[in-house]
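Novice: This is the structure I want to talk about, given as structure tokens.
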Amino acid sequence: MADAFQPERIVVTGGAGFIGSNFVHWVVQNQPGVHVTVLDKLTYAGNLDNLEGIPEDRMEFVRGDICDAQLVDGLLSRADAAVHFAAESHNDNSIADPEPFVRTNVEGTYTLLEAARKHGVRFHHISTDEVYGDLALDDPARFTEDSPYKPSSPYSSTKAASDMLVRAWHRTYGVPATISNCSNNYGPRQHIEKFIPRQVTNILSGARPKLYGDGLNVRDWIHTEDHSSAVWAILTRGRAGETYLIGADGERSNREVLSAILEAMDRPADGFDWVRDRPGHDRRYAIDSAKLRRELGWRPLHTDFAEGLADTIAWYRDNPQWWQGAKEATEAKYAAQGQ
Ligand code: NAD
Ligand code: DAU
């Protein structure tokens with residue numbers, strides 16, 4: 001399917017994080033005519049190494065805060081599109097301290113929208129399936145674009161608020177904006193606070209994996225490269241004002257994912273610890289991505305979870321310098337929470 005909108009200069013916020021950096025690599029590899037400006041504050045979750053290998057003539061890196069209106073205005077005045085990944089992204093952190101979530105996720109999105117409005121910039125907002133709350137384990141339903149907003153955590157409520165701002169800025173001011181709500185991503189360069197990398201790096205460091213609650217919570221896993229290709233499809237062929245759900249039919253319980261990790265890393269099936277549950281822990285997420293597939297012809301390429309997981313484990317094994325420096329502090333934070 002041909003692209004209807006062909007941007008030449010895009011601003012990618014949060015491009016030094018897990019999914020944002022994957023998207024920058026994806027664009028540089030697949031869209032030769034596009035120049036990327038990354039705007040990233042380099043919080044604990046941002047890492048310049050994530051952008052290693054990208055040629056200088058294809059990308060400019062700007063260290064800064066999406067809440068800095070003057071900086072954001074200047075960058076968007078020179079762009080024809082903005083793809084907004086920057087966020088505080090971890091639920092457990094939002095429970096411990098919600099303040100930066102409200103600031104970055106809500107105020108930061110507002111700041112970007114104001115600049116997009118002023119400069120007529122196409123705006124794609126990256127959001128999450130968590131805005132829809134959770135589903136029961138025995139419910140055959142999946143989230144669709146029409147599901148009601150019902151966020152549970154400080155993180156997901158700030159993402160829901162940011163989605164509402166985007167919708168209002170489109171309807172009231174005509175900002176040419178789209179939104180995508182994606183399910184749980186996995187792949188290389190994900191921060192080790194998150195479920196899969198935490199367990200993998202625990203095992204690689206000689207510690208035991210940690211499973212919350214009864215381990216039956218279900219997440220709908222998608223490889224981050226498939227998220228990137230979906231975002232490009234929506235940015236270039238999606239209809240302004242529309243929301244698209246992104247998912248790859250990857251529902252698995254946490255217990256199942258952990259069992260797959262233990263098996264792939266030659267550890268006994270009971271080689272993990274049960275730990276305190278997350279307060280307000282969402283039970284199940286599940287995405288129906290029919291609209292994205294039907295309207296934009298998108299399909300995921302990484303459909304073999306065991307293979308994607310093995311590649312991800314290999315990446316953490318091969319790149320200890322990337323994660324070892326953050327391991328002690330990350331685990332100390334969890335230990336203080338009984339997790
Ligand atoms: P991440 O935490 O790995 O990266 C976030 C990036 O944003 C970091 O590089 C950080 O430095 C940057 N950042 C944070 N605050 C900033 C600020 N005020 N100004 C500028 N930069 C700032 O996050 P991720 O997992 O890559 O998630 C990226 C986006 O995708 C988020 O919007 C998240 O809500 C969404 N999302 C994530 C998942 C997932 O499974 N991880 C799934 C669906 C949607
Ligand atoms: O659904 C999309 C969301 O997925 C994104 O919006 C978030 O940014 C992203 O962090 C992710 O949120 P989750 O809370 O689902 O991901 P997390 O990796 O923190 O946890 C996945 C599941 O694993 C969840 O049910 C909690 C559980 N868990 C997590 C950790 C860190 C454990 O059992 N043990 C752990 O050590």
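Novice: Quote the convex hull volume per residue of the stretch 128-185, based on C-alpha atoms, as a whole number of Å³.
Specialist: Taking the convex hull of the Cα positions in the stretch 128-185, it is 91 Å³ per residue.
Novice: Sticking with this one: Which residues' amide hydrogens lie under 5 Å from the amide hydrogen of Val275, considering only partners 5 or more residues apart or on another chain, with H built in the peptide plane?
Specialist: Leu211, Tyr212, Gly213
Novice: Quick one: work out the % antiparallel among DSSP beta bridges in the chain, nearest 5.
Specialist: 10 percent
Novice: Right, another one. So, with a 1.4 angstrom probe, what is the percent of accessible area on the chain that is carbon and sulfur?
Specialist: 49 percent
Novice: Now, a different point. Can you compute the modelled spin-label distance between Glu99 and Asp146, with each label point 7 Å from Cα toward Cβ, in nm?
Specialist: Simple spin-label model gives 4.3 nm for this pair.
Novice: Taking H as built 1.01 Å from N, whose amide H comes closer than 5 Å to the amide H of Cys182, not counting residues under 5 places away?
Specialist: Here the answer is Ser127, Thr128, Asp129, Ile246, since their amide H atoms fall under 5 Å of that of Cys182.
Novice: Here's another thing I want to ask about it. Which order, highest average first, do 192-202, 323-333 follow once you tally other Cβ atoms within 10 Å for each residue and take the mean per peptide?
Specialist: Top to bottom by mean Cβ count within 10 Å: 192-202, 323-333.
Novice: Provide, for the chain, the number of lysine pairs with alpha carbons under 13 Å apart, each pair being eight or more places apart or on different chains.
Specialist: 4
Novice: Using per-residue counts of other Cβ atoms within 10 Å, averaged over each peptide, order 155-161, 143-149 from highest down. Display every interim value, and only then the final one.
Specialist: On the way: 155-161: 23.7, 143-149: 14.6.
The most tightly packed comes first, giving 155-161, 143-149.
Novice: Using the crude model of +1 on Lys and Arg Cβ and -1 on Asp and Glu Cβ, and no other charge, please compute the dipole size for the stretch 229-339 relative to its Cα centre, in debye to 20.
Specialist: 540 debye
Novice: What trypsin sites (Lys or Arg not before Pro) does the stretch 247-292 have in DSSP loop regions with at most 13 other beta carbons within 10 Å?
Specialist: Arg276
Novice: Hey, another quick one. For the chain, what does the helix formula give at 222 nm: sum of -39500 (n - 2.57) over DSSP H segments with n ≥ 4, over the residue count, nearest 500 deg cm²/dmol? List each step's numbers first, then the result.
Specialist: On the way: 11 runs with 132 residues, N = 339.
Result for the chain: -12000 deg cm²/dmol, rounded to the nearest 500.
Novice: Quick one: 3J(HN,Hα) in Hz for the stretch 236-253, Karplus 6.51/-1.76/1.60 with θ = phi - 60°, rounded, Gly and Pro as x.
Specialist: 9, 10, x, 8, 4, x, 9, 10, 10, 8, 10, x, 10, 6, x, 5, 8, 6
Novice: Follow-up question, since we're still on this one. Among 311-320, 240-249, 3-12, how do they line up by average Cβ neighbours within 10 Å per residue, starting with the highest? Don't skip to the end; give the middle numbers.
Specialist: Values: 311-320: 15.7, 240-249: 20.5, 3-12: 17.5.
The densest-packed peptide leads the list: 240-249, 3-12, 311-320.
Novice: Amide H neighbours of Thr37 under 5 Å, counting only residues 5+ apart in sequence or on other chains, H built in-plane at 1.01 Å?
Specialist: Ile10, Val11, Val12, Glu60
Novice: For the stretch 85-165, what does the convex hull of the Cα positions come to per residue, in cubic angstrom?
Specialist: Working: hull volume 7.4 nm³, N = 81.
Normalising the Cα hull of the stretch 85-165 by residue number yields 91 Å³.
Novice: Once phi is turned into θ = phi - 60°, what whole-Hz ³J(HN,Hα) does the Karplus curve with 6.51, -1.76 and 1.60 give for every residue of the stretch 136-150, x standing for Gly and Pro?
Specialist: My calculation for the stretch 136-150 gives 6, 4, 9, 8, x, 5, 10, 5, 10, 4, 9, 5, x, 6, 8 Hz in order.
Novice: Round to the nearest 0.05 the FRET efficiency obtained for Glu242 and Ser77 when R0 = 30 Å and r is the Cβ-Cβ distance.
Specialist: 0.70
Novice: Tell me, what is the percent relative contact order of the chain, built from C-alpha pairs under 8 Å that lie six or more residues apart?
Specialist: For the chain, the relative contact order is 18 percent.
Novice: Within the stretch 25-53, name every residue whose backbone N is under 16 Å away from a label modeled 7 Å from Cα of His119 along the Cβ vector.
Specialist: 35-40
Novice: Give me a comma-separated list of calculated 3J(HN,Hα) values for the stretch 175-185, in order, Karplus coefficients 6.51, -1.76, 1.60 applied at θ = phi - 60°, integers in Hz, x for any Gly or Pro.
Specialist: 4, x, 10, 10, 10, 10, 10, 10, 8, 5, 8
Novice: Follow-up. Taking the Cβ-Cβ separation of Gln337 and Glu52 as r and a Förster radius of 30 Å, what is the calculated FRET efficiency to the nearest 0.05?
Specialist: Computed FRET efficiency for Gln337 and Glu52 comes out at 0.40.
Novice: Still on this structure, I have one more. How large is the charge dipole for the chain, taken about the Cα centre, if only the Cβ atoms of Lys, Arg (+1) and Asp, Glu (-1) carry charge, to the nearest 20 debye?
Specialist: On the way: 36 positive and 49 negative charges, 105 e Å.
I would put it at about 500 debye.
Novice: Mind putting together the pair-distance distribution for the stretch 129-236? All Cα pairs, 5 Å bins, whole percent per bin, short to long.
Specialist: The distribution over the stretch 129-236 is 2, 9, 14, 19, 21, 16, 9, 5, 3, 1, 0, given as percents.
Novice: Quick check for you: with a 1.4 Å probe and neighbouring chains kept, what is the accessible area per residue of the chain, in Å²?
Specialist: Per-residue accessible area for the chain comes out at 42 Å².
Novice: Expressed in nm to one decimal, what extension gain is obtained for the pair Val62 and Tyr44 from 0.36 nm per residue of sequence separation less their Cα-Cα distance?
Specialist: So the chain would gain 4.8 nm between Val62 and Tyr44.
Novice: Would you give the gap between the C-alpha center of the stretch 288-314 and the C-alpha center of the stretch 11-81, rounded to a whole Å?
Specialist: About 24 Å separates the Cα centre of the stretch 288-314 from the one of the stretch 11-81.
Novice: Now a separate question. Taking square-rooted eigenvalues a ≥ b ≥ c of the alpha carbon gyration tensor, is the chain rounded, prolate or oblate, where a/c under 1.5 means rounded and, failing that, a/b exceeding b/c means prolate?
Specialist: Prolate.
Novice: Show me, bin by bin at 10 Å from 0, the whole-percent P(r) of the stretch 250-339 based on Cα pairs.
Specialist: Going from the shortest bin to the longest, the percentages are 12, 29, 39, 17, 4.
Novice: Using the charge dipole of the chain (Lys, Arg: +1 at Cβ; Asp, Glu: -1 at Cβ; taken about the Cα centre), state which of Tyr110, Pro100, Gly46 has its Cα farthest towards the positive end.
Specialist: The residue sitting farthest along the positive end of the dipole is Tyr110.
Novice: Okay, moving on. With an 8 Å cut-off on Cα pairs and a minimum separation of 6 or more residues, tell me the relative contact order of the stretch 1-114 in percent.
Specialist: 31 percent
The values are calculated or read from the model by the stated rules, or taken from the named source; none is laboratory data. Quick caveat: nothing in here was measured; it's all calculated off a predicted structure. Don't worry about glycine lacking a Cβ; one is built from the backbone with ideal geometry, like all the others, and counts go over all protein chains shown. In case anyone asks, the SASA skips ligands and DNA or RNA and just uses the protein heavy atoms, side chains included. Shrake-Rupley method; radii C 1.70, N 1.55, O 1.52, S 1.80 Å.
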